[in-house]
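Take a look at the structure below.
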Amino acid sequence: MATPDNNDASRLDTAARAGWLYYIAGNTQDQIASKLSVSRATAQRLVSLCLSQRLITFRLEHPIAACMDLAAQLQERFELRYCDVVPTDPADPTLVAGVAERAATLLESTLRGESPSIVGIGTGRTMRAMVERIPAMQADNHQLVSLVGNISPDGSASPFDAVARLAHITGAQHYPMPLPVYLSSPEECRSLLEIDAVSRVRTLAAKADLRLVGVGQLDQSAPLFVDGFISRSELLELLRLGAAGEVIGWALDAEGRIIDGGTNRRLTSIPHAVPAASLTIGTAVGASKVGPIRAALRGRIINGLITDEATARALLDR
């Protein structure tokens, strides 16, 4: 009669055969049961045993494997609630398509949920590209709120306003911020922020369950400067004050502290909770965004990140 050790060894041998047939040869559990002359339930248990005993291991040979590893490292180093890294396009390292796609997937999942959610959305090209990837749906149980003023410096509607477009696609209630991004003086800013309609939008935004925002650089290529929201002299003043980047218009220093001065005193964007209370995900790619992203992470302005492989490596290397 066989000893228990021999029985165990025989069972592991059979489990290894079942694992090979399933994971390597691509057999179904019915086929494995037939080939090993066991029941389907036994075949299923043998496959599970093969995996639990690490008789078979896997190595994912695909670029996404490196991205998943980078995301895990970023999540651990910066104590993030959420992190996703997409492959870098070698032909265009600043391309936002991949990041916009991943942000859209997360947003769509939220909007398809049955539990009512408040979603706060920033502005800019990445946010607009994200919204353009959302399919038409009925999501009228959710609320969308602007985190940034939706009026351009010339008084026209901002071409990068994502909330109105998203509301049109989804049927969700939406609450725009009916103000310019910057006002002419701190006094005017304080006065207009006290308007009842504006105050209601800001109160709703403070309750957001999910916030999606861009992270911007503050240099000659800064979107705020290029798109005419701040002047050259205002940009230089922010740099003199130590600004390293911005999130929904709020200029941050290298440690992620909100700059006390400059255009921050005339900004109508929703203030940041520090540390971020709700899930606040920054989206950005490119070498120029590494410093601003790191600042936002250090200051806990954001607690989630969607970026690409090259940017993720730069964040971890420095």
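The values are calculated or read from the model by the stated rules, or taken from the named source; none is laboratory data. Computed from a predicted structure; not experimentally measured. Backbone-built Cβ (ideal geometry, glycine too); neighbour counts: all protein chains shown.
Remarks
- Restricted to the range 3-42, and to residues there that are under 47 Å from the mean Cα position of the chain (by Cα), of a type outside the set (S, T, N, Q) and not in a helix (DSSP H, G or I), the residue that is modelled with the highest pLDDT is Gly26.
- Scanning the range 98-134 for residues that are within 13 Å of the chain's Cα centre (by Cα) and acidic (Asp, Glu) gives Glu101, Glu108.
- The residues on offer are Ala251, Ala295, and the sole one that is surrounded by 21 or more Cβ atoms within 10 Å (Cβ to Cβ) and farther than 20 Å from Tyr82 by Cβ is Ala251.
- For the range 69-79, the count of residues that are in a helix (DSSP H, G or I), loosely packed, with under 15 Cβ neighbours inside 10 Å and of a type in the set (A, V, I, L, M, F, W, C) is nonzero.
- Across the range 176-211, the number of residues qualifying as assigned to a helix (DSSP H, G or I) and aliphatic (A, V, I, L, M) comes to 8.
- Criterion (among the aliphatic types (A, V, I, L, M), modelled with pLDDT of 95 or more and under 19 Å from the mean Cα position of the chain (by Cα)) met by exactly one of Ala314, Ala254: Ala314
- Residues within the range 139-171 that are in a loop (DSSP other than H, G, I, E, B), in contact with a strand residue (DSSP E or B) (Cβ under 6 Å, 6 or more places away or on another chain) and crowded, with 22+ Cβ neighbours inside 10 Å, tallied: 2
- Those helices (runs of 4 or more DSSP H) lying entirely in the range 213-318 with at least 1 residues under 24 Å from Ile151 (Cα atoms) and either in contact with a helix residue (DSSP H, G or I) (Cβ under 6 Å, 6 or more places away or on another chain) or touching a residue at least 12 places away in the same chain (Cβ under 8 Å) (or both): 223-226, 232-240
- Of the residues Gly98, Gly120, the single one that is in contact with a Pro (Cβ under 7 Å, 6 or more places away or on another chain) and either in a helix (DSSP H, G or I) or modelled with pLDDT of 95 or more (or both) is Gly98.
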